[in-house]
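Chemist: Encoded as structure tokens, here's the structure I'll be asking about.
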Amino acid sequence: MGPSSSSSESTTIAVCARRGRHRQRYEGCYRLVSGCIPYMLKEDGEENCHDVLSRLQVLMISTPKRSDLIFPKGGWEDDESMDEAACREAFEEAGVKGIISTTSLGEWIFKSKSKQNSCSLQGACKGFIFALQVTELLESWPEQVTHGRRWVSSSSYT
């Protein structure tokens, strides 16, 4: 079964995304970032999906500063674990909740988009990525005005 869509007419709670970097974690010159790959598996009966790869869908987001799709990610703050930060970013940017793997899929070093042409270490980030099995797809989320979302399947790349 796919993720449930959640809305409540009588109990609407406005949740804001965290802002600023006053609680941001750093490791040396690197700003620490955590993100996730939100995914779900289509049901076996849908479109003759018999193997896992053909059933796999990942959720990607759009942002106003980029023309491509990316996975939700953002700063890892001092009051949360890496996987909690990844869950928070998935909620804020993609409007999803789910079951996160506590084991990182990997890490990568990158420069923030605004500092990519700089030769200095300013803007350097160290990112950690987790798998998030989506169980809840929200109808509204804190950053929906600036972040669209789109499910992508493996057949999109063949």
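The values are calculated or read from the model by the stated rules, or taken from the named source; none is laboratory data. None of the values given here were measured: they were computed from a predicted structure. When we count neighbours, we look across all protein chains shown, and the Cβ atoms used for this are built from the backbone with ideal geometry, even at glycine.
Chemist: Which members of the stretch 20-41 meet the condition of being at pLDDT 70 or above, in a loop (DSSP other than H, G, I, E, B) and surrounded by fewer than 17 Cβ atoms within 10 Å (Cβ to Cβ)?
Modeler: If the condition is that a residue be at pLDDT 70 or above, in a loop (DSSP other than H, G, I, E, B) and surrounded by fewer than 17 Cβ atoms within 10 Å (Cβ to Cβ), then 21, 22, 23, 28, 29 are the ones that fit.
Yes/no matrix, rows are residues, columns are (1) touching a residue at least 24 places away in the same chain (Cβ under 8 Å); (2) among the aliphatic types (A, V, I, L, M):
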{"site": "57", "(1), (2)": "yes, no"}
{"site": "72", "(1), (2)": "yes, no"}
{"site": "83", "(1), (2)": "yes, no"}
{"site": "86", "(1), (2)": "yes, yes"}
{"site": "94", "(1), (2)": "yes, yes"}
{"site": "97", "(1), (2)": "yes, no"}
{"site": "107", "(1), (2)": "no, no"}
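Chemist: Spot the failing condition for residue 54; the list is (1) surrounded by 20 or more Cβ atoms within 10 Å (Cβ to Cβ); (2) part of a helix (DSSP H, G or I); (3) not charged (D, E, K, R), and only one is missed.
Modeler: Among (1) surrounded by 20 or more Cβ atoms within 10 Å (Cβ to Cβ); (2) part of a helix (DSSP H, G or I); (3) not charged (D, E, K, R), the lone unmet condition for residue 54 is (1).
Chemist: If we scan the stretch 76-83, do we find a residue that is assigned to a helix (DSSP H, G or I) and over 17 Å from residue 31 (Cβ atoms)?
Modeler: yes
Chemist: With the checklist (1) touching a helix residue (DSSP H, G or I) at 6+ places or on another chain (Cβ under 7 Å); (2) modelled with pLDDT of 95 or more in hand, flag the one item residue 65 doesn't pass.
Modeler: Condition not satisfied by residue 65: (2).
Chemist: Something else: Exactly one of these conditions fails for residue 80: (1) modelled with pLDDT of 95 or more; (2) within 14 Å of the chain's Cα centre (by Cα). Give me its number.
Modeler: Result: residue 80 fails condition (2) only.
Chemist: Moving to a separate point now. Any residue at all in the stretch 86-102 that is touching a Gly at 6+ places or on another chain (Cβ under 6 Å) and either in a loop (DSSP other than H, G, I, E, B) or surrounded by fewer than 21 Cβ atoms within 10 Å (Cβ to Cβ) (or both)?
Modeler: Just the residues of the stretch 86-102 that are touching a Gly at 6+ places or on another chain (Cβ under 6 Å), to begin with: 86, 89.
When the remaining residues are screened for being either in a loop (DSSP other than H, G, I, E, B) or surrounded by fewer than 21 Cβ atoms within 10 Å (Cβ to Cβ) (or both), the result is none.
Scanning the stretch 86-102, I find no residue that is touching a Gly at 6+ places or on another chain (Cβ under 6 Å) and either in a loop (DSSP other than H, G, I, E, B) or surrounded by fewer than 21 Cβ atoms within 10 Å (Cβ to Cβ) (or both), so the answer is no.
Chemist: Out of all the residues in the stretch 126-153, which are of a type in the set (A, V, I, L, M, F, W, C) and in contact (Cβ under 8 Å) with a residue 12 or more places away in the chain? Can you show your working first?
Modeler: Restricting attention to the stretch 126-153, the residues satisfying the condition of being of a type in the set (A, V, I, L, M, F, W, C) are 128-132, 134, 137-138, 141, 145, 151-152.
Within the stretch 126-153, 128, 129, 130, 131, 132, 134, 137, 138, 141, 151, 152 meet the criteria.
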